[in-house]
Amino acid sequence: MKLAFAFLLSSSLISVAALSTSAHADGIVNVATIGEPPTLDPMASTADLVGMTTQHIFETLFTFDDKWNVIPLLAETMPKISADGKTYDIALRKGIKFHDGSTMTSADVVASVDRWIAIASRGKQVAPYIDKVEAEGDDAIRISLKKPYAPLLSLLAFNNSAAVVMPKADLADPLTKFIGTGPYMLKDRKADQYIQLVRFDGYKSRSEPANGFGGARKAILDEIRFVPVPDANTRLEGAVSGQFDYADSLSPENYDRLKSSTASEPVILKPFGAPVFVMNTKQGIMENKTLRHAVQVALNPEDMLLAAFGNPAFFAVDGALYPKGYTWHTEAGIERYGKGDPEAAAKLMKEAGYDGKPIRILTSRQYEFHYKMAQVAAEYLKAAGFKVDLEVFDWATLTTRRADPALWDIFITHGPFPPEPVLNGWMSDSYPGWWATPAKAKAVEPFIAESDPEKRKALWANVQKTFYEDAPVYKVGDFNALGAEAKTLHGFHPSPWPFFWNVSTDKK
């Protein structure tokens, strides 16, 4: 087994080395990702890997600054919002070019927003509130709502299931042409080898100073190659040897090795976000809320986090959906968190009439911490009396399978703490897991309709309480993410979705 692993490791490095050697030139970087994105259509997926890659190709009307405030990107300014909160007038920047040389107009923006509302999970969150989206001349649009919807601008700014702008003529489902307005454009994609982006010389940057995801975006690099490297050890070895300019999602146990590397240095995001177990409330055994409570009671978050991250400096046992220090932090409902009590879970299982069907847990070793948490969770669930099938897939396959409610009961994922709670994937009724109960609607509707920030904080506490009572998702805790940055890279700023505009390299 050791010889087989060594062969696989060396083969992977040889393949990547060949790619790097052919690309040794000024302004070219290789980014090691956890795998192949399931799509390059940013509207069609909530996978972080999709947003990380496609944010260089496509742009949204708005984005976030370094304080997570919404700021304009393709919009000229922030919108004019009517006094009743139902009309958004959005002026568009003029002279913006698509990668095919055509000029962006309001017709492209309207068609793109309409497509987002129709197919994107985050667009579907907005859809019930939208009356119409229409052009106001060539350089402005108007979004009319049926009733106020406070998270609208945050959803339009998010790069995950994103409301990107594309040429109207190219809109299709599935998307076949990947043409945006971003600083880089798609040149080539070789499945399981690389996604090659090259500088778009027609890019028109904003004039403001760079600020978070906003402000000036300068395409300094000639080329960015996103290289799928599913094995975390291979990503590490590539970073330590200098073959990768950036390596994503590394194990915390490798921190000291990165610190001593002459080629790379560790990049820590603290806190990054939360790993979660999403339960299928639509079909199968997890449709039963009492069985979801049994899972909630059975699991021990500290043991799962310790197995996943090892070093306590990289995690916190915390049931609140937002950590202390965040605007949205509340402890409402978290008494249901952290029981780790198989005996109490067994009583709930008996009450629910558990019939012995296995819980099918989807996980992936491309995120090794997902897999380690799944292993510990399986043992706690078995101790309570559940049968468990642990099904391991590559990440792209997992994100495809989770769309079919007949194929799974729990899947494991993670995400950052978004600036607007509605941006959490599970807040969408259409997100896999399909949490859409009357109790949720009763808690969420007042929250999304309220524009006053202080009132929204109080309303969010009720949403979190309902979250724990309905138990659609099990939050494991908080964690810090580790990546690796080459010492030859300049201007890189860590973020939940690493970006490489405004970045340069010394590498020859």
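Is it the case that some residue within segment 448-471 is touching a Ser or Thr at 6+ places or on another chain (Cβ under 9 Å) and outside any helix (DSSP H, G or I)? Yes: segment 448-471 contains one or more residues that are touching a Ser or Thr at 6+ places or on another chain (Cβ under 9 Å) and outside any helix (DSSP H, G or I).
Restricting segment 225-262 to residues that are of a type outside the set (Gly, Ala, Ser) and assigned to a loop (DSSP other than H, G, I, E, B) leaves a set whose member that is farthest from the chain's Cα centre (by Cα) is 262. Under the condition of being of a type outside the set (A, V, I, L, M, F, W, C) and in a helix (DSSP H, G or I), which residue from segment 322-342 is farthest from residue 476 (Cα to Cα)? Only one residue tops the list, namely 342.
Can you name every residue in segment 343-372 that is assigned to a loop (DSSP other than H, G, I, E, B) and buried (at least 17 other Cβ atoms within 10 Å of the Cβ)? Those that are assigned to a loop (DSSP other than H, G, I, E, B) and buried (at least 17 other Cβ atoms within 10 Å of the Cβ): 354, 364, 365, 366, 367. A Cβ distance below 8 Å, combined with a sequence gap of six or more or placement on separate chains, defines the contacts here; from segment 444-467, residues that are over 25 Å from residue 335 (Cβ atoms) reach residues that are part of a helix (DSSP H, G or I) in the pairs 448/422; 450/456; 450/459. Exactly one residue among 130, 179 is modelled with pLDDT of 95 or more, β-branched (Val, Ile, Thr) and more than 27 Å from residue 83 (Cα to Cα), and that residue is 179. Quick check on segment 166-179. Is at least one of its residues within 21 Å of the chain's Cα centre (by Cα), among the small types (Gly, Ala, Ser) and in a loop (DSSP other than H, G, I, E, B)? Within segment 166-179, not a single residue is within 21 Å of the chain's Cα centre (by Cα), among the small types (Gly, Ala, Ser) and in a loop (DSSP other than H, G, I, E, B).
Just to be sure I understand, how many residues within segment 316-375 are hydrophobic (A, V, I, L, M, F, W, C) and within 30 Å of residue 457 (Cα to Cα)? Outline the logic, then answer.
Looking only at segment 316-375, we keep the residues that are hydrophobic (A, V, I, L, M, F, W, C), and these are 316-317, 320-321, 328, 332, 334, 344-346, 348-349, 352, 359, 361-362, 369, 373-374.
If we keep only those that are within 30 Å of residue 457 (Cα to Cα) too, we end up with 316-317, 320-321, 328, 332, 334.
Adding up the residues that qualify gives 7.
Would it be correct to say that residue 129 is aromatic (Phe, Trp, Tyr), surrounded by fewer than 20 Cβ atoms within 10 Å (Cβ to Cβ) and in contact (Cβ under 8 Å) with a residue 12 or more places away in the chain? Working first, answer last.
Details: aromatic (Phe, Trp, Tyr): yes; surrounded by fewer than 20 Cβ atoms within 10 Å (Cβ to Cβ): yes; in contact (Cβ under 8 Å) with a residue 12 or more places away in the chain: yes.
Spelling it out, residue 129 is indeed aromatic (Phe, Trp, Tyr), surrounded by fewer than 20 Cβ atoms within 10 Å (Cβ to Cβ) and in contact (Cβ under 8 Å) with a residue 12 or more places away in the chain.
Residues in segment 93-132 that are of a type in the set (A, V, I, L, M, F, W, C), in contact with a Gly (Cβ under 8 Å, 6 or more places away or on another chain) and not in a helix (DSSP H, G or I): 98 alone.
Check whether at least one residue in segment 62-73 is in a strand (DSSP E or B), without any contact (Cβ under 8 Å) to a residue 60 or more places away in the chain and surrounded by fewer than 23 Cβ atoms within 10 Å (Cβ to Cβ), and report yes or no. Scanning segment 62-73 turns up no residue that is in a strand (DSSP E or B), without any contact (Cβ under 8 Å) to a residue 60 or more places away in the chain and surrounded by fewer than 23 Cβ atoms within 10 Å (Cβ to Cβ).
Of the residues 210, 232, 216, only one is touching a His at 6+ places or on another chain (Cβ under 9 Å) and surrounded by fewer than 24 Cβ atoms within 10 Å (Cβ to Cβ); which? Step by step, each of 210, 232, 216 is checked, and only 210 is touching a His at 6+ places or on another chain (Cβ under 9 Å) and surrounded by fewer than 24 Cβ atoms within 10 Å (Cβ to Cβ).
Residues in segment 416-443 that are in contact with a strand residue (DSSP E or B) (Cβ under 8 Å, 6 or more places away or on another chain) and among the polar types (S, T, N, Q): 424 alone.
The values are calculated or read from the model by the stated rules, or taken from the named source; none is laboratory data. All values derive from a computational prediction rather than experimental measurement. Because the Cβ atoms are built from the backbone with ideal geometry, glycine has one as well, and the counts that use them run over all protein chains shown.
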